[in-house]
(Lines give C-alpha, C1' and ligand atoms only; values in the text may rest on other atoms or scores of the structure.)
Protein backbone atom coordinates (compact mmCIF):
# COMPACT_ATOMS: atom_id res chain seq x y z
CA UNK A 1 0.00 0.00 0.00
CA UNK A 2 1.43 3.37 -1.01
CA UNK A 3 0.97 5.96 1.73
CA UNK A 4 2.05 9.42 2.77
CA UNK A 5 4.40 9.38 5.79
CA UNK A 6 4.60 12.60 7.81
CA UNK A 7 7.05 13.01 10.71
CA UNK A 8 6.52 15.96 13.04
CA UNK A 9 7.88 17.21 16.37
CA UNK A 10 6.66 19.72 18.91
CA UNK A 11 7.42 21.11 22.38
CA UNK A 12 4.05 20.43 24.02
CA UNK A 13 0.73 18.69 23.38
CA UNK A 14 -2.39 18.08 25.43
CA UNK A 15 -5.43 16.08 24.37
CA UNK A 16 -8.15 16.80 26.91
CA UNK A 17 -10.67 14.18 27.91
CA UNK A 18 -13.88 15.76 26.60
CA UNK A 19 -15.99 15.19 29.72
CA UNK A 20 -13.61 16.91 32.18
CA UNK A 21 -14.43 20.61 32.53
CA UNK A 22 -13.26 21.87 35.95
CA UNK A 23 -10.48 21.21 38.45
CA UNK A 24 -8.32 18.78 36.46
CA UNK A 25 -7.97 18.22 32.73
CA UNK A 26 -6.09 14.96 32.09
CA UNK A 27 -4.69 14.20 28.67
CA UNK A 28 -4.86 11.15 26.46
CA UNK A 29 -1.44 9.60 25.88
CA UNK A 30 -1.81 10.11 22.13
CA UNK A 31 -3.95 12.21 19.82
CA UNK A 32 -7.53 11.01 19.28
CA UNK A 33 -8.60 10.38 15.67
CA UNK A 34 -10.80 13.50 15.72
CA UNK A 35 -7.71 15.59 16.56
CA UNK A 36 -5.81 14.00 13.68
CA UNK A 37 -8.65 14.81 11.30
CA UNK A 38 -8.39 18.48 12.27
CA UNK A 39 -4.62 18.35 11.82
CA UNK A 40 -4.93 16.95 8.30
CA UNK A 41 -7.68 19.43 7.39
CA UNK A 42 -5.44 22.27 8.57
CA UNK A 43 -2.69 21.19 6.17
CA UNK A 44 -5.17 20.85 3.30
CA UNK A 45 -6.80 24.18 4.11
CA UNK A 46 -10.35 22.79 4.14
CA UNK A 47 -12.59 20.11 5.58
CA UNK A 48 -12.30 16.93 3.54
CA UNK A 49 -14.58 13.96 2.98
CA UNK A 50 -13.15 11.23 5.25
CA UNK A 51 -14.81 8.41 3.31
CA UNK A 52 -12.14 5.95 2.22
CA UNK A 53 -9.30 7.81 3.97
CA UNK A 54 -7.34 5.58 6.35
CA UNK A 55 -4.55 6.47 8.75
CA UNK A 56 -2.08 4.94 11.20
CA UNK A 57 0.23 6.62 13.67
CA UNK A 58 3.28 6.30 15.87
CA UNK A 59 3.27 8.81 18.75
CA UNK A 60 5.66 9.26 21.65
CA UNK A 61 6.66 11.92 24.17
CA UNK A 62 9.46 12.49 26.68
CA UNK A 63 7.56 13.52 29.84
CA UNK A 64 4.08 14.11 31.20
CA UNK A 65 3.57 16.88 33.75
CA UNK A 66 0.67 18.92 35.12
CA UNK A 67 0.68 22.71 34.93
CA UNK A 68 -1.65 25.39 36.29
CA UNK A 69 -3.84 27.26 33.82
CA UNK A 70 -6.55 29.82 34.43
CA UNK A 71 -9.79 30.45 32.61
CA UNK A 72 -12.33 33.20 33.18
CA UNK A 73 -15.95 32.15 32.72
CA UNK A 74 -17.82 35.23 31.58
CA UNK A 75 -21.48 35.99 32.15
CA UNK A 76 -23.77 38.90 31.39
CA UNK A 77 -23.56 41.83 33.81
CA UNK A 78 -25.09 45.21 34.43
CA UNK A 79 -24.11 48.47 36.09
CA UNK A 80 -21.01 50.57 35.45
CA UNK A 81 -17.31 49.84 35.19
CA UNK A 82 -15.56 50.49 38.55
CA UNK A 83 -12.66 52.28 36.81
CA UNK A 84 -14.93 54.60 34.82
CA UNK A 85 -18.49 55.09 35.96
CA UNK A 86 -19.47 56.46 32.54
CA UNK A 87 -18.91 53.06 30.85
CA UNK A 88 -21.53 50.29 31.11
CA UNK A 89 -20.46 46.85 32.30
CA UNK A 90 -21.50 44.17 29.80
CA UNK A 91 -19.63 41.10 31.06
CA UNK A 92 -17.97 39.92 34.25
CA UNK A 93 -16.32 36.76 35.49
CA UNK A 94 -13.98 35.18 38.02
CA UNK A 95 -10.66 33.40 37.41
CA UNK A 96 -10.83 29.61 37.65
CA UNK A 97 -7.40 27.96 38.05
CA UNK A 98 -7.11 24.28 37.16
CA UNK A 99 -4.47 21.64 36.48
CA UNK A 100 -3.84 20.54 32.91
CA UNK A 101 -1.69 17.54 32.01
CA UNK A 102 0.81 18.33 29.26
CA UNK A 103 2.96 16.01 27.14
CA UNK A 104 6.43 17.44 26.57
CA UNK A 105 8.55 16.93 23.44
CA UNK A 106 5.96 14.91 21.51
CA UNK A 107 6.79 13.25 18.21
CA UNK A 108 4.20 12.14 15.68
CA UNK A 109 4.61 9.91 12.63
CA UNK A 110 1.37 9.89 10.67
CA UNK A 111 0.60 7.55 7.79
CA UNK A 112 -2.27 8.37 5.39
CA UNK A 113 -3.38 6.38 2.35
CA UNK A 114 -3.42 9.57 0.28
CA UNK A 115 0.03 10.00 -1.31
CA UNK A 116 -1.52 12.66 -3.58
CA UNK A 117 -1.58 15.00 -0.56
CA UNK A 118 2.22 15.19 -0.56
CA UNK A 119 2.44 18.84 -1.64
CA UNK A 120 -0.27 19.89 0.81
CA UNK A 121 1.90 18.74 3.73
CA UNK A 122 5.06 20.20 2.22
CA UNK A 123 3.24 23.55 1.99
CA UNK A 124 0.53 23.45 4.73
CA UNK A 125 -2.21 26.04 4.42
CA UNK A 126 -2.35 26.95 8.14
CA UNK A 127 0.10 26.94 11.04
CA UNK A 128 1.07 23.38 11.99
CA UNK A 129 -0.24 22.41 15.41
CA UNK A 130 -1.63 19.29 17.04
CA UNK A 131 -4.79 19.96 18.98
CA UNK A 132 -4.57 23.32 20.73
CA UNK A 133 -3.40 26.32 18.73
CA UNK A 134 -0.48 26.90 21.13
CA UNK A 135 0.87 23.37 20.60
CA UNK A 136 2.89 24.18 17.50
CA UNK A 137 4.60 21.42 15.52
CA UNK A 138 7.25 21.27 12.81
CA UNK A 139 7.22 18.84 9.91
CA UNK A 140 10.62 17.16 9.75
CA UNK A 141 9.93 14.98 6.74
CA UNK A 142 7.10 14.31 4.32
CA UNK A 143 7.54 11.40 1.93
CA UNK A 144 5.73 8.64 0.07
CA UNK A 145 6.51 5.07 1.15
CA UNK A 146 5.29 1.64 0.10
CA UNK A 147 4.05 -0.48 3.01
CA UNK A 148 4.00 -4.25 2.90
CA UNK A 149 1.36 -6.50 4.53
CA UNK A 150 3.03 -8.46 7.31
CA UNK A 151 1.70 -10.58 10.20
CA UNK A 152 5.20 -10.51 11.74
CA UNK A 153 6.08 -7.10 13.17
CA UNK A 154 6.54 -5.16 16.38
CA UNK A 155 4.00 -2.62 17.62
CA UNK A 156 4.67 0.28 19.98
CA UNK A 157 3.54 3.86 20.73
CA UNK A 158 0.47 3.49 18.59
CA UNK A 159 -3.31 3.33 18.50
CA UNK A 160 -4.79 -0.12 17.95
CA UNK A 161 -8.31 -1.28 17.09
CA UNK A 162 -10.23 -2.41 20.14
CA UNK A 163 -10.27 -5.99 18.82
CA UNK A 164 -6.63 -6.27 19.98
CA UNK A 165 -7.97 -6.46 23.54
CA UNK A 166 -8.54 -10.20 23.05
CA UNK A 167 -4.95 -10.74 21.91
CA UNK A 168 -2.81 -8.96 24.51
CA UNK A 169 -2.98 -7.56 28.02
CA UNK A 170 -0.66 -4.70 27.03
CA UNK A 171 -2.03 -1.26 26.37
CA UNK A 172 -4.87 0.80 27.81
CA UNK A 173 -8.50 0.69 26.74
CA UNK A 174 -9.81 4.21 26.04
CA UNK A 175 -12.91 5.85 24.62
CA UNK A 176 -11.87 8.57 22.17
CA UNK A 177 -13.64 11.03 19.88
CA UNK A 178 -13.36 9.48 16.43
CA UNK A 179 -14.90 12.17 14.27
CA UNK A 180 -16.74 15.50 14.66
CA UNK A 181 -19.68 15.93 12.32
CA UNK A 182 -19.42 19.55 11.22
CA UNK A 183 -22.74 19.36 9.39
CA UNK A 184 -24.40 18.48 12.72
CA UNK A 185 -22.94 21.24 14.91
CA UNK A 186 -19.73 19.25 15.58
CA UNK A 187 -21.60 16.27 17.00
CA UNK A 188 -18.88 13.82 18.14
CA UNK A 189 -18.70 10.13 17.32
CA UNK A 190 -16.83 8.04 19.91
CA UNK A 191 -14.96 4.77 19.48
CA UNK A 192 -13.05 2.40 21.75
CA UNK A 193 -9.34 1.92 21.06
CA UNK A 194 -6.22 0.48 22.65
CA UNK A 195 -3.37 2.92 23.30
CA UNK A 196 -0.10 1.01 23.28
CA UNK A 197 3.07 2.47 24.76
CA UNK A 198 5.23 -0.59 25.45
CA UNK A 199 6.52 -2.81 22.65
CA UNK A 200 4.83 -6.05 21.70
CA UNK A 201 5.75 -8.48 18.94
CA UNK A 202 3.12 -10.17 16.83
CA UNK A 203 4.74 -13.64 16.99
CA UNK A 204 3.75 -13.68 20.66
CA UNK A 205 0.15 -12.91 19.67
CA UNK A 206 -0.13 -15.70 17.12
CA UNK A 207 -0.59 -18.28 19.86
CA UNK A 208 -4.25 -17.27 19.84
CA UNK A 209 -4.97 -19.58 16.92
CA UNK A 210 -8.72 -19.06 17.06
CA UNK A 211 -8.32 -15.28 16.95
CA UNK A 212 -6.40 -14.29 13.80
CA UNK A 213 -4.57 -10.97 13.85
CA UNK A 214 -6.27 -7.93 12.34
CA UNK A 215 -4.67 -6.59 9.17
CA UNK A 216 -1.20 -5.15 9.77
CA UNK A 217 1.21 -3.31 7.49
CA UNK A 218 4.98 -2.97 7.88
CA UNK A 219 7.01 0.19 7.30
CA UNK A 220 10.25 -0.81 5.51
CA UNK A 221 11.81 2.60 6.24
CA UNK A 222 11.56 2.22 10.05
CA UNK A 223 14.31 0.50 12.09
CA UNK A 224 14.18 -3.28 12.51
CA UNK A 225 13.99 -4.58 16.09
CA UNK A 226 14.78 -8.25 16.74
CA UNK A 227 14.59 -8.71 12.99
CA UNK A 228 11.00 -7.43 12.88
CA UNK A 229 9.71 -4.32 11.05
CA UNK A 230 7.51 -1.64 12.58
CA UNK A 231 3.87 -2.73 12.32
CA UNK A 232 0.96 -0.38 11.63
CA UNK A 233 -2.76 -0.80 12.24
CA UNK A 234 -4.89 1.48 10.09
CA UNK A 235 -8.08 3.25 11.16
CA UNK A 236 -10.82 5.24 9.47
CA UNK A 237 -12.79 8.31 10.54
CA UNK A 238 -16.14 7.04 9.30
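At pLDDT 90 or above, surrounded by 15 or more Cβ atoms within 10 Å (Cβ to Cβ) and either in a strand (DSSP E or B) or within 15 Å of the chain's Cα centre (by Cα) (or both): is that true of residue 138 in this structure? First the steps, then the outcome.
On the way: at pLDDT 90 or above: yes; surrounded by 15 or more Cβ atoms within 10 Å (Cβ to Cβ): no; either in a strand (DSSP E or B) or within 15 Å of the chain's Cα centre (by Cα) (or both): yes.
It is false that residue 138 is at pLDDT 90 or above, surrounded by 15 or more Cβ atoms within 10 Å (Cβ to Cβ) and either in a strand (DSSP E or B) or within 15 Å of the chain's Cα centre (by Cα) (or both).
Test of understanding: among 17, 61, which residue is surrounded by 12 or more Cβ atoms within 10 Å (Cβ to Cβ), over 21 Å from residue 217 (Cα atoms) and modelled with pLDDT of 95 or more? Step through it out loud before you land on a result.
On the way: 17 fails: modelled with pLDDT of 95 or more.
Every option except 61 fails the conditions.
Got a sec? Which of 141, 150, 197, 170 is farther than 30 Å from residue 104 by Cβ and in contact with a strand residue (DSSP E or B) (Cβ under 9 Å, 6 or more places away or on another chain)? Steps first, answer last, please.
On the way: 141 fails: farther than 30 Å from residue 104 by Cβ; 197 fails: farther than 30 Å from residue 104 by Cβ; 170 fails: farther than 30 Å from residue 104 by Cβ.
Of 141, 150, 197, 170, the one residue that is farther than 30 Å from residue 104 by Cβ and in contact with a strand residue (DSSP E or B) (Cβ under 9 Å, 6 or more places away or on another chain) is 150.
Check residue 147 against each of (1) closer than 17 Å to residue 31 by Cα; (2) in contact (Cβ under 8 Å) with a residue 60 or more places away in the chain and name the one condition it does not meet.
(1)
Output the residues belonging to the stretch 20-37 that are in a loop (DSSP other than H, G, I, E, B) and either without any contact (Cβ under 8 Å) to a residue 24 or more places away in the chain or buried (at least 17 other Cβ atoms within 10 Å of the Cβ) (or both). Reasoning before the result, please.
Here is the first cut: in the stretch 20-37, the residues in a loop (DSSP other than H, G, I, E, B) are 20-23, 26, 28-32.
20, 21, 28, 29, 30, 31, 32, listed by residue number.
The rows are residues; the columns are (1) within 30 Å of residue 216 (Cβ to Cβ); (2) surrounded by fewer than 17 Cβ atoms within 10 Å (Cβ to Cβ); (3) in contact (Cβ under 8 Å) with a residue 24 or more places away in the chain.
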{"residue": "39", "(1), (2), (3)": "yes, no, yes"}
{"residue": "71", "(1), (2), (3)": "no, yes, yes"}
{"residue": "76", "(1), (2), (3)": "no, yes, no"}
{"residue": "125", "(1), (2), (3)": "no, yes, yes"}
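Filter the stretch 78-98 down to the residues that are under 27 Å from residue 25 (Cβ atoms) and surrounded by 10 or more Cβ atoms within 10 Å (Cβ to Cβ) and list them by number. Before you say what the answer is, go through the steps one by one.
Restricting attention to the stretch 78-98, the residues satisfying the condition of being under 27 Å from residue 25 (Cβ atoms) are 91-98.
Once the filter is applied, which keeps residues that are under 27 Å from residue 25 (Cβ atoms) and surrounded by 10 or more Cβ atoms within 10 Å (Cβ to Cβ), the stretch 78-98 yields 92, 93, 96, 98.
Taking the condition closer than 30 Å to residue 215 by Cβ and in contact (Cβ under 8 Å) with a residue 40 or more places away in the chain, does residue 54 pass?
Values: closer than 30 Å to residue 215 by Cβ: yes; in contact (Cβ under 8 Å) with a residue 40 or more places away in the chain: yes.
Spelling it out, residue 54 is indeed closer than 30 Å to residue 215 by Cβ and in contact (Cβ under 8 Å) with a residue 40 or more places away in the chain.
Pick out the one residue from 195, 189, 168 that is assigned to a loop (DSSP other than H, G, I, E, B) and either surrounded by 12 or more Cβ atoms within 10 Å (Cβ to Cβ) or touching a helix residue (DSSP H, G or I) at 6+ places or on another chain (Cβ under 6 Å) (or both). Write out each step before concluding.
Working: 195 fails: assigned to a loop (DSSP other than H, G, I, E, B); 189 fails: assigned to a loop (DSSP other than H, G, I, E, B).
Checking each option against the conditions leaves just 168.
Test residue 103 against the stated conditions and say whether it is at pLDDT 85 or above, within 19 Å of the chain's Cα centre (by Cα), under 17 Å from residue 235 (Cβ atoms) and surrounded by 15 or more Cβ atoms within 10 Å (Cβ to Cβ).
No; evaluated as a whole, the condition is false for this residue.
Can you tell me which residue in the stretch 198-209 is modelled with the lowest pLDDT, limited to those that are more than 11 Å from residue 167 (Cβ to Cβ) and exposed (fewer than 13 other Cβ atoms within 10 Å of the Cβ)? I'd like the intermediate steps shown before the answer.
Our first condition is that a residue be more than 11 Å from residue 167 (Cβ to Cβ); within the stretch 198-209, this holds for 198-199, 201, 203, 209.
From what's left, exposed (fewer than 13 other Cβ atoms within 10 Å of the Cβ): 198, 209.
Numbers: 198: 90, 209: 54.
Restricting to residues being more than 11 Å from residue 167 (Cβ to Cβ) and exposed (fewer than 13 other Cβ atoms within 10 Å of the Cβ), the top hit is 209.
Before we move on, is residue 152 at positive phi and either without any contact (Cβ under 8 Å) to a residue 40 or more places away in the chain or surrounded by 12 or more Cβ atoms within 10 Å (Cβ to Cβ) (or both)? Talk me through it step by step, then tell me what you get.
Numbers: at positive phi: no; either without any contact (Cβ under 8 Å) to a residue 40 or more places away in the chain or surrounded by 12 or more Cβ atoms within 10 Å (Cβ to Cβ) (or both): yes.
So residue 152 does not fit the description; no.
The values are calculated or read from the model by the stated rules, or taken from the named source; none is laboratory data. Treat the numbers as computed from the prediction; the structure is a model and nothing was measured. As a convention, Cβ positions derive from the backbone with ideal geometry for all residues, glycine included, and neighbour counts pool all protein chains shown.
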